[in-house]
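Inspection log for the structure reproduced underneath, given as structure tokens.
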Amino acid sequence: ISMGMSGGGFPFELKEVREGLARVLVPAEEARAPKRAPVFYNPIMALNRDVAVLVLRAFSKAGRRGLRACEPLCGCGVRGIRFALEVPDIGEVVMGDLNPNAVRLSEENVRRNGVQEKVRVSLSDANVLLTSLSAPGLRLDYVDLDPFGSPAPFMDSAVRATRSRGLLALTATDMAPLCGVHVRSCLRKYGAIPMRVGYSKEIAIRILLGALARVASAHDMGIRPLLCHATDHYARAYCYIERGPGKANESSSKLGYIAHCPSCHEREVIHGLAGHLEGRCPSCGSRRLISGPLWTGNLFNKGFCRAVLGELGGAPWVSPRAGRLLARLVEEAEGPPTYYAIHRLCDDLGIAMPSTGSLIRALREQGFWASRTHFDPQGVRTDAPAGELIRILRGLVG
């Protein structure tokens, strides 16, 4: 379907796409620079939205009926419309955008999908919209921050707009700063030093969560991550928000640092913000890389991840890829912080790479915890020290 000025009154061509149960109009031509698109729509993020639907379905079954949700950066409106269509217990979805074309197109898509009774769209800056919903009695059960770039400018207002025992979801697409390519940018936006290592994607999630925890603690609120993933070009986190100084203290106690030795590949999780940061590796004496402050606690709640995976049966329109991702999250949920990028480790050691499955079996036979990780198809999450892992690797390849 194409619509120009004469059809629908939009000053750009439109096409219809189907995603989940929604049929929405989006710009016909994808702009090379997303910020220059007349209205933002990224088909690559369909997996992100699939998982968000399943998360919200699972969350609503945990005792929340008539959920109130907000998407303050709505673009063409597909995410909020999918919530209205695909989450049975959704009561209201508040969407907003500062782009007048986005608001008009979202309103058209709301009408086309027949969800006018559940979804309203505002022409508003995201922070202004969230602040207007931050007073007691107006706060939301679920806030979804999905910006182009960093969510950091919106974290404070999003935290304030989320009710106690509500859920805050945030996406970061600025993976280059978070993974250590642009250190100063990460320091500016997230107040943390990143690290370029084989497990940088996990470091990215932990920096994102650390920044959110510090913002929340300023309002006497704590966070509890339920499900996190780093997929394609973005990092994504779903956090349970709880009010109270005690919850803020508990959350803040899970901030710290990760130290990594490039020479012997050992890594150490350092809990607390005020502890001594030893620059030399205790195993080999080499200088270590140190990243943080960041979140040192759990990234996943296994029970919640299982509940989200269980929602697949009631949502057959969701992509099989979402099911594979969620199954992997359940598998690695109770593992220790950080993982090993085995292909990179074997390259450094100058040895052939064994199959991931054979390595996991060998680690378990030696009494270590081990699993695959969604962060890297050739990655292994294990509590084995680096030296033991290397010994087992060498044994497998002869």
query = Is it true that ILE351 is buried (at least 16 other Cβ atoms within 10 Å of the Cβ), of a type in the set (Val, Ile, Thr) and either touching a residue at least 60 places away in the same chain (Cβ under 8 Å) or not in a helix (DSSP H, G or I) (or both)?
reply = no
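If you take the residues of the stretch 87-115 that are part of a loop (DSSP other than H, G, I, E, B) and out of contact with any Asp or Glu (no Cβ under 7 Å at 6 or more places or on another chain), which of them is farthest from TRP317 (Cα to Cα)? Talk me through it step by step, then tell me what you get.
Just the residues of the stretch 87-115 that are part of a loop (DSSP other than H, G, I, E, B), to begin with: 87-89, 98-99, 113-115.
This time we only want the ones that are out of contact with any Asp or Glu (no Cβ under 7 Å at 6 or more places or on another chain), so: 87-89, 99, 113-115.
Details: VAL87: 13, PRO88: 15, ASP89: 18, ASN99: 30, ASN113: 16, GLY114: 19, VAL115: 19 Å.
The extreme case among them is ASN99.
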message = So in the stretch 255-313, with the set limited to residues that are without any contact (Cβ under 8 Å) to a residue 40 or more places away in the chain, of a type in the set (A, V, I, L, M, F, W, C) and closer than 23 Å to GLY222 by Cβ, which one is surrounded by the most Cβ atoms within 10 Å (Cβ to Cβ)?
response = ILE270
inquiry  = Which count do you get for residues in the stretch 224-245 that are open to solvent by 10 Å² or more (accessible area, probe 1.4 Å), in contact with a Ser or Thr (Cβ under 8 Å, 6 or more places away or on another chain) and either closer than 24 Å to ARG306 by Cβ or of a type in the set (Asp, Glu) (or both)?
reply    = 2
request  = Name the one entry in ARG57, ARG36 that is over 20 Å from PHE154 (Cβ atoms) and either under 19 Å from the mean Cα position of the chain (by Cα) or buried (at least 20 other Cβ atoms within 10 Å of the Cβ) (or both).
outcome  = ARG57
ask   = What are the residues in the stretch 135-154 that are open to solvent by 20 Å² or more (accessible area, probe 1.4 Å), free of Cβ contacts under 8 Å to residues at least 40 places away in the same chain and either within 13 Å of LEU73 (Cβ to Cβ) or in a strand (DSSP E or B) (or both), if any?
value = PRO153
key: Residue match in the stretch 254-271 (condition: under 30 Å from CYS284 (Cβ atoms), touching a strand residue (DSSP E or B) at 6+ places or on another chain (Cβ under 6 Å) and of a type in the set (Asp, Glu))   = yes
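To keep it simple, each residue is scored yes or no on (1) surrounded by fewer than 24 Cβ atoms within 10 Å (Cβ to Cβ); (2) hydrophobic (A, V, I, L, M, F, W, C); (3) touching a Lys or Arg at 6+ places or on another chain (Cβ under 8 Å); (4) not in a helix (DSSP H, G or I).
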residue	(1), (2), (3), (4)
LYS15	yes, no, no, yes
ILE44	yes, yes, no, no
CYS70	no, yes, no, yes
ILE81	no, yes, no, no
LEU85	yes, yes, no, no
GLU117	yes, no, no, yes
query = Among ALA218, ALA213, which is over 18 Å from the mean Cα position of the chain (by Cα) and over 18 Å from LEU289 (Cα atoms)?
reply = ALA218
query = What are the pairs, 6+ residues apart or on separate chains, where a residue within the stretch 55-67 that is at pLDDT 80 or above has its Cβ under 6 Å from a residue that is part of a helix (DSSP H, G or I) and not hydroxyl-bearing (Ser, Thr, Tyr)?
reply = VAL55/VAL308; ARG57/GLU311; ALA58/ALA307; ALA58/VAL308; ALA58/GLU311
task = Answer yes if at least one residue in the stretch 307-326 is outside any helix (DSSP H, G or I) and under 29 Å from LEU187 (Cα atoms), and no otherwise.
result = no
note = Taking the stretch 111-120 and keeping residues in contact with a helix residue (DSSP H, G or I) (Cβ under 8 Å, 6 or more places away or on another chain), of a type outside the set (D, E, K, R) and either closer than 20 Å to VAL55 by Cβ or free of Cβ contacts under 8 Å to residues at least 40 places away in the same chain (or both) leaves VAL115, GLN116, VAL119
task = Could you please let me know if PHE304 is within 20 Å of the chain's Cα centre (by Cα), more than 14 Å from ALA213 (Cα to Cα) and assigned to a loop (DSSP other than H, G, I, E, B)?
result = no
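Being open to solvent by less than 60 Å² (accessible area, probe 1.4 Å), assigned to a loop (DSSP other than H, G, I, E, B) and under 22 Å from ARG65 (Cα atoms): is that true of ALA169 here? Can you show your working first?
Details: open to solvent by less than 60 Å² (accessible area, probe 1.4 Å): yes; assigned to a loop (DSSP other than H, G, I, E, B): no; under 22 Å from ARG65 (Cα atoms): yes.
No: the conditions fail for ALA169.
Go through LEU123, LEU98 for me and flag whichever is touching a Pro at 6+ places or on another chain (Cβ under 7 Å), of a type outside the set (D, E, K, R), open to solvent by 10 Å² or more (accessible area, probe 1.4 Å) and free of Cβ contacts under 8 Å to residues at least 40 places away in the same chain.
Numbers: LEU98 fails: touching a Pro at 6+ places or on another chain (Cβ under 7 Å).
The conditions single out LEU123.
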ask   = Among LEU21, LEU25, which is touching an Asp or Glu at 6+ places or on another chain (Cβ under 6 Å) and either buried (at least 20 other Cβ atoms within 10 Å of the Cβ) or among the aromatic types (Phe, Trp, Tyr) (or both)?
value = LEU25
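Output the residues belonging to the stretch 279-301 that are more than 30 Å from the chain's Cα centre (by Cα) and part of a loop (DSSP other than H, G, I, E, B). Even if it seems obvious, please write down each step before you answer.
Residues of the stretch 279-301 that are more than 30 Å from the chain's Cα centre (by Cα), as a first pass: 279-287.
The answer is GLY279, CYS281, PRO282, SER283, CYS284, GLY285, SER286.
The values are calculated or read from the model by the stated rules, or taken from the named source; none is laboratory data. Remember, predicted model here, so these are calculated numbers, not experimental data. Every residue, glycine as well, gets a Cβ built from its backbone with ideal geometry; the counts of neighbours run over all protein chains shown. Side chains included, ligands, DNA and RNA excluded: accessible areas come from the protein's heavy atoms. Shrake-Rupley method; radii C 1.70, N 1.55, O 1.52, S 1.80 Å.
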